[in-house]
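**Q** Got a structure for you, questions after.
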Amino acid sequence: MHALAYLKPWEMSIIDRPEPIATVDEVVIDVLATGICGSDSHGYSGENGRRVSGQVMGHETVGRVSAGGTIAAGTLVTFNPIISCGVCEFCRAGDTQVCPDAIVIGVDPSLDGSFAERVVVPARNVVVLSDEMPITHGALVEPLAVGYHAVMQGNPSSDDILLVIGGGPIGQAAAIGARRAGVERVLVSEPNDQRRALLEDLGFATTTPDAVAEDLTAKFGGKATLVVDAVGLSATLGSALRTSVTRARIVLVGMGEPQMTVQPYDLTVGERSLIGSYCYSEAHFRSTAEWVSQGRPELDALIDRLVPLRNGPDAFHDVAKGIGGVNKTLVVSGEALAQISTR
Ligand SMILES: [Zn+2]
Ligand SMILES: [Zn+2]
């Protein structure tokens, strides 16, 4: 089968890979579409060194069951890409994302991902989707689950004033997840005009990074009680500390830089809480899949374009260069383009 392999920074190629075979407890999925994640494009450009030559990336996927497992062939599915030990206290609680042995399909070089015609995954990771929903939305379940989990890490309530810092895919997902969780007062800070316009179309208030404090006051009458930092830079975490109330919860999900300089007195004196968030729990992944399965036409706005697998190298180049849209590019495998575009 054909797969899209990372070769070295700024170079990918379509290669031949052996057909994946499902062992017991595994399922082979015919891939329909896979989103290019920020982490994929940073791996491609060499900004993060976690990708190795020959690796097949891809972890934001919708497809149909091909073989293996107990789900009928042809069923529309996505998969939770986290593989974990299955026996530690975290795995037993469904928090596989914090299992010490957790690795992610399509991120860890030892596990081929889904920029390919087919992918094999553990049966327990497969999540069934509705056949009534737009097929492409299945590839959004994974990033939407990241944003939903980040909001839920902050223990949200309908009384909260939520500031989301960063309006890229994860910030968008956090805003959407917050609405799902019943938070109505949401302000998203984002410097890019196109991204702000998209968020406004989705019904969210937006601001620019230099106007966060005044817009929180103007729109919601006060500082943020809950912040999701989907960027993760010194400047954004500093903004979170300055524009939030005493005892605010600040969730850090962005991984913009490995070291930060912040002014910690805002944390100590204001008794603010800084909470980490990584991927999603099994429950949050599944509930996001169910939510998407109910049919969410507005999610179309999150997808910029569909690119056939054979054009994957160009698509990665464009995404890494920021050419051709600010939202998701989906790589569509094999015959799937016709199947998707007739919907
Ligand atoms: Zn991702
Ligand atoms: Zn474990």
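The values are calculated or read from the model by the stated rules, or taken from the named source; none is laboratory data. These numbers were taken from a predicted model, which means no experiment stands behind them. Note that each Cβ is placed from the backbone with ideal geometry, even for glycine, and that neighbours are counted across all protein chains shown. For accessibility, only protein heavy atoms count, side chains too; no ligands or nucleic acids. Shrake-Rupley method; radii C 1.70, N 1.55, O 1.52, S 1.80 Å.
**Q** May I ask you to verify whether residue 120 is β-branched (Val, Ile, Thr), open to solvent by less than 50 Å² (accessible area, probe 1.4 Å) and within 16 Å of ligand 1 (Cβ to nearest atom)? Give the derivation first.
**A** Working: β-branched (Val, Ile, Thr): yes; open to solvent by less than 50 Å² (accessible area, probe 1.4 Å): yes; within 16 Å of ligand 1 (Cβ to nearest atom): no.
No; evaluated as a whole, the condition is false for this residue.
**Q** Residue 231: touching a Ser or Thr at 6+ places or on another chain (Cβ under 8 Å) and buried (at least 19 other Cβ atoms within 10 Å of the Cβ), yes or no?
**A** In short, no.
**Q** Search region 90-118 for residues that are in contact (Cβ under 8 Å) with a residue 60 or more places away in the chain and among the aromatic types (Phe, Trp, Tyr) and pair each with any residue that is within 14 Å of ligand 1 (Cβ to nearest atom) and part of a loop (DSSP other than H, G, I, E, B) when their beta-carbon atoms are under 7 Å apart and the residues are at least 6 apart or on different chains.
**A** 115/57; 115/58
**Q** Here is a follow-up. Which residue pairs have Cβ atoms closer than 6 Å, lie 6 or more positions apart in sequence or on different chains, and pair a first residue in region 24-46 that is in a helix (DSSP H, G or I) with a second residue that is of a type in the set (Phe, Trp, Tyr)?
**A** Going by the 6 Å Cβ cut-off, the qualifying pairs are 44/316.
**Q** Are any residues in region 273-304 more than 16 Å from the chain's Cα centre (by Cα), within 20 Å of residue 201 (Cα to Cα) and surrounded by 14 or more Cβ atoms within 10 Å (Cβ to Cβ), and if so, which ones?
**A** Listed by number, the list holds a single entry, 296.
**Q** Please go through region 46-59 and pick out each residue that is open to solvent by less than 20 Å² (accessible area, probe 1.4 Å) and within 19 Å of residue 314 (Cβ to Cβ).
**A** Answer for region 46-59, where residues must be open to solvent by less than 20 Å² (accessible area, probe 1.4 Å) and within 19 Å of residue 314 (Cβ to Cβ): 51, 55, 56, 57, 58.
**Q** Return the residues of region 172-193 that are closer than 23 Å to residue 142 by Cβ and either assigned to a helix (DSSP H, G or I) or in contact (Cβ under 8 Å) with a residue 60 or more places away in the chain (or both); say none if nothing qualifies.
**A** 172, 173, 174, 175, 176, 177, 178, 179, 180, 192 - these are the residues of region 172-193 that are closer than 23 Å to residue 142 by Cβ and either assigned to a helix (DSSP H, G or I) or in contact (Cβ under 8 Å) with a residue 60 or more places away in the chain (or both).
**Q** Answer with yes or no whether residue 62 is surrounded by 24 or more Cβ atoms within 10 Å (Cβ to Cβ), part of a strand (DSSP E or B) and over 21 Å from the mean Cα position of the chain (by Cα).
**A** no
**Q** Do you know which residues across region 51-81 are touching a residue at least 40 places away in the same chain (Cβ under 8 Å) and either of a type in the set (Phe, Trp, Tyr) or on the phi > 0 side of the Ramachandran plot (or both)?
**A** The initial filter retains those residues of region 51-81 that are touching a residue at least 40 places away in the same chain (Cβ under 8 Å), namely 51-63, 65-71, 75-81.
54, 58, 68, 69, 79 - these are the residues of region 51-81 that are touching a residue at least 40 places away in the same chain (Cβ under 8 Å) and either of a type in the set (Phe, Trp, Tyr) or on the phi > 0 side of the Ramachandran plot (or both).
**Q** Let me ask something else about it. All but one of (1) closer than 30 Å to residue 257 by Cβ; (2) hydroxyl-bearing (Ser, Thr, Tyr); (3) at pLDDT 95 or above hold for residue 66, so report the exception by its number.
**A** (1)
**Q** Going by the structure shown, is residue 53 under 22 Å from residue 170 (Cα atoms) and more than 16 Å from ligand 2 (Cβ to nearest atom)?
**A** Taking the combined requirement at face value, the residue does not satisfy it.
**Q** For region 65-86, which positions are among the aliphatic types (A, V, I, L, M), open to solvent by 10 Å² or more (accessible area, probe 1.4 Å) and away from ligand 1 (no atom under 16 Å from the Cβ)?
**A** 67, 71, 72, 73
**Q** For region 204-224, name all the residues that are more than 20 Å from the chain's Cα centre (by Cα) and not in a helix (DSSP H, G or I).
**A** Those that are more than 20 Å from the chain's Cα centre (by Cα) and not in a helix (DSSP H, G or I): 205, 206, 207, 208, 221, 222, 223, 224.
**Q** Might you let me know whether region 1-23 holds any residue that is among the small types (Gly, Ala, Ser) and open to solvent by 50 Å² or more (accessible area, probe 1.4 Å)?
**A** In the first step, residues of region 1-23 are kept if they are among the small types (Gly, Ala, Ser); the result is 3, 5, 13, 22.
Still in the list and also open to solvent by 50 Å² or more (accessible area, probe 1.4 Å): none.
Looking for residues that are among the small types (Gly, Ala, Ser) and open to solvent by 50 Å² or more (accessible area, probe 1.4 Å), one finds none in region 1-23, hence no.
**Q** Another one. I'd like the residue in region 322-337 that is outside any strand (DSSP E or B) and more than 17 Å from residue 169 (Cβ to Cβ) and, out of all such residues, is modelled with the highest pLDDT.
**A** Top of the filtered list is 333.
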